[in-house]
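Have a look at the structure below before the remarks.
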Amino acid sequence: MNAIAVNQYIRELKISLRSICTSLLEIANRFGANQETIEILKAQTEHIQENFMFVIVGEVNAGKSSFVNALLGANICSTSHEICTMEVQKIVYGITENLTRDYHKRLAQKEYPAEILKEITIVDTPGTNSREIEHQVITEKFIPHCNLVVFVFQMDNIHVQSAWELFRKIKGKWSKKIIFILTKSDRYSKEEAQAYKTSLARYAHDEGVDSPLIFITSSQMENQEKKQESGFGELREYINTHILVNAAKDKIQDDTKTLSLLKESIEQEFNHRKSRYNADLTVRTKIKNVMQAKEDLANANIQTLLNKCLQTYNANSESTLATLKEGVGFFNLTFKSIKSIFGGETTKDWLEKLKNEHVAKLNKDINEILETGVDSIKSDIQYMVIGVKNELDNLKEIPKSAKEMFGEIDTKRNEMVYRLRYNLTDFIDKSPIFKGENIIKNKIDYSGVNIAGGMAAIGTAVVAISTAAVADITGGILTALSLLAAGGIAQTQKGKFIKQASEALDSNREKLSKELDQNLKSYIGDIRKHINEQFAELDHHLASEAIQIEEYSVLSTKIYQEINQMYSKI
């Protein structure tokens, strides 16, 4: 082969891998993965995006720079003694030829418009036997990231100790792929060159390399177009076949494995965060269930109370109607009319008395029911509030850790839970809703009642709401019966009168049922509604977190599929 070239298949694999790594880094940043994971992903992204790197090492004046120029077929690498001994030369692609230096890092970056440099980066290092000790340290910084280490020896100087010391580090610590180059073969006969190759193989074997790859080259012959004798054709074929294909696949496989492990690390963090979200959601659901259960129980007790009130109402109505029927009989009505002539009780007086007795007894009987029945409703509401507070205590503070996903969410969540506990307690103690102020038409004077806070006001409010409804109804009965009594009763109208009285009692019965039911259930519903409003911030937080978790799950699944596809392609 006449040139080094990276095939299209490898290019496409690298592009796919870069895309996966970039997506994974975006997820890590977006969802707050720990900083260590983010930094590793950043480094991995840069590493994946880097070209295949060849590091050229060897002693000073071994011919490394001339070797690089001949290998790439361009006068790219500086061959001056000053640069070779003072700087690392990193050779990368550039639209135009350019040289920049970082004197602090002792690094020179050479940009050159050679097509192969779009895929390969060459690092030409100072000599291993340089007097500048920093040079070897700098050299070692490049080796961990390279794909191929090229050890260059001048033909007659293969025994240099500093080169073999660096070789041991590379072989033992980094396990990099290494090839050996013997340069300046044009100065020696084929027999001499082969003898030096045998000696170099023996040195390598003594260092633990059973079958060292050694290439005999001549940069001068390559430059003179003596391609068959220069040795570079065989070297390029090896690089193309074994490095840029097999080694490239190995690197991509290793990078894919690294991304897979990083994905698992983020997944573990995510699952930890998801378990916390589920715990919070469970508490919130229990709070809703407690409130619903206690509201349902209170409503059942309201219905029981209502049924008893209506039974009493029916009994009183039946008794009053029976008395009314008897009183408006022909004899009794005639007797009352005659008696009134001599100053006795008139029919109107009798009806007024009957009306007042009916209302007084109805009030007395219903209030007795309320006094004995209100405690269960009061308890239901109080247990609703107590149950909410008890469940709220299960929202434990989450210790913040920089190594946890959604760390900022945890901080905000802790602050929110603290505010919720404080605001709920303050609301229960001070909110007028517990006094039924939005239900009761006439404001109640609580000054004579021993009420320390909202919870204590519940029983008084329930009684007030109930008796207010009863007062409205009995007032209506008074009005209805008074209107009937005002006109008196003629003998021919008594049937109509009793029918109208019965209809008035039935109508007010329905009104009593409706107002008691609506007002008491509305009172409990309002308490539940206002308690739920205290959780608005938490509910918004949980809803937002649920969206994030769903978004993460979708993106995570996509990356998981892409990583599996990469494994199938390699």
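The values are calculated or read from the model by the stated rules, or taken from the named source; none is laboratory data. None of the values given here were measured: they were computed from a predicted structure. Virtual Cβ from ideal backbone geometry, glycine too; neighbours counted across all protein chains shown.
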Query raised in the report: Pairs, please: C-beta under 6 Å, at least 6 apart or cross-chain, first residue assigned by TED's automatic domain parsing to the domain that holds Ser466 and touching a residue at least 60 places away in the same chain (Cβ under 8 Å) and in the stretch 372-387, second charged (D, E, K, R) and in a helix (DSSP H, G or I)?
Result: Asp380/Lys294; Tyr383/Lys294; Met384/Lys294
Query - All positions within the stretch 400-417 that are modelled with pLDDT under 75 and of a type in the set (S, T, N, Q) - result: Ser401
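Residues checked against (1) closer than 28 Å to Ala464 by Cα; (2) at pLDDT below 85; (3) surrounded by fewer than 17 Cβ atoms within 10 Å (Cβ to Cβ):
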{"residue": "Ala490", "(1), (2), (3)": "no, yes, yes"}
{"residue": "Lys511", "(1), (2), (3)": "yes, no, yes"}
{"residue": "Gln518", "(1), (2), (3)": "yes, no, yes"}
{"residue": "Lys529", "(1), (2), (3)": "yes, no, yes"}
{"residue": "Ala543", "(1), (2), (3)": "no, no, yes"}
{"residue": "Val554", "(1), (2), (3)": "no, no, yes"}
{"residue": "Ile559", "(1), (2), (3)": "no, no, no"}
Query - Residue check, Val92 at pLDDT 85 or above and either closer than 30 Å to Glu237 by Cα or assigned to a helix (DSSP H, G or I) (or both) - result: yes
**Report entry** Residue check, Ala315 surrounded by 18 or more Cβ atoms within 10 Å (Cβ to Cβ) and at pLDDT 90 or above
**Finding:** no
Report summary line: Exception for Tyr383 within (1) within 22 Å of Met455 (Cα to Cα); (2) modelled with pLDDT under 85; (3) not aliphatic (A, V, I, L, M) falls at (2)
Query - From the options Lys286, Lys325, residue that is assigned to a helix (DSSP H, G or I), modelled with pLDDT of 90 or more and not polar (S, T, N, Q) - result: Lys286
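What number of residues within the stretch 123-155 satisfy the criterion of being over 18 Å from Glu46 (Cβ atoms) and modelled with pLDDT of 70 or more?
Of the residues in that region, 12 qualify.
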Report summary line: Only unsatisfied item for Ile266, checking (1) surrounded by fewer than 14 Cβ atoms within 10 Å (Cβ to Cβ); (2) part of a helix (DSSP H, G or I), is (1)
Report task. For residues that are of a type in the set (Gly, Ala, Ser) and either surrounded by 19 or more Cβ atoms within 10 Å (Cβ to Cβ) or at pLDDT below 60 (or both), tally how many sit in the stretch 469-484. Result -> 3
Report task. Could you pull out the residue among Leu424, Leu395, Leu420 that is of a type outside the set (Phe, Trp, Tyr), outside any helix (DSSP H, G or I), more than 30 Å from Tyr313 (Cβ to Cβ) and at pLDDT 80 or above? Result -> Leu395
Report summary line: Asn278 meets each of (1) closer than 18 Å to Ala3 by Cβ; (2) not assigned by TED's automatic domain parsing to the domain that holds His145 with one exception, condition (1)
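Quickly run through the stretch 20-59 and pick out the residues that are in a loop (DSSP other than H, G, I, E, B) and over 26 Å from Ile4 (Cβ atoms). Outline the logic, then answer.
Of the residues in the stretch 20-59, the ones in a loop (DSSP other than H, G, I, E, B) are 31-34, 50-51, 59.
Scanning the stretch 20-59 gives Phe31, Gly32, Ala33, Asn34.
Tell me, which strands (runs of 3 or more DSSP E) lie completely within the stretch 133-236 with 2 or more residues that are of a type in the set (Ser, Thr, Tyr) and touching a residue at least 12 places away in the same chain (Cβ under 8 Å)?
none
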Report task. Could you please tell me which pairs satisfy a Cβ distance under 7 Å, a separation of 6+ or placement on different chains, a first residue in the stretch 21-45 that is surrounded by 18 or more Cβ atoms within 10 Å (Cβ to Cβ), and a second residue that is basic (Lys, Arg) and assigned to a helix (DSSP H, G or I)? Result -> Leu24/Lys263; Leu25/Lys42
Query raised in the report: Scanning the stretch 60-70 for residues that are part of a loop (DSSP other than H, G, I, E, B) and crowded, with 23+ Cβ neighbours inside 10 Å, which turns out modelled with the lowest pLDDT?
Result: Ala62
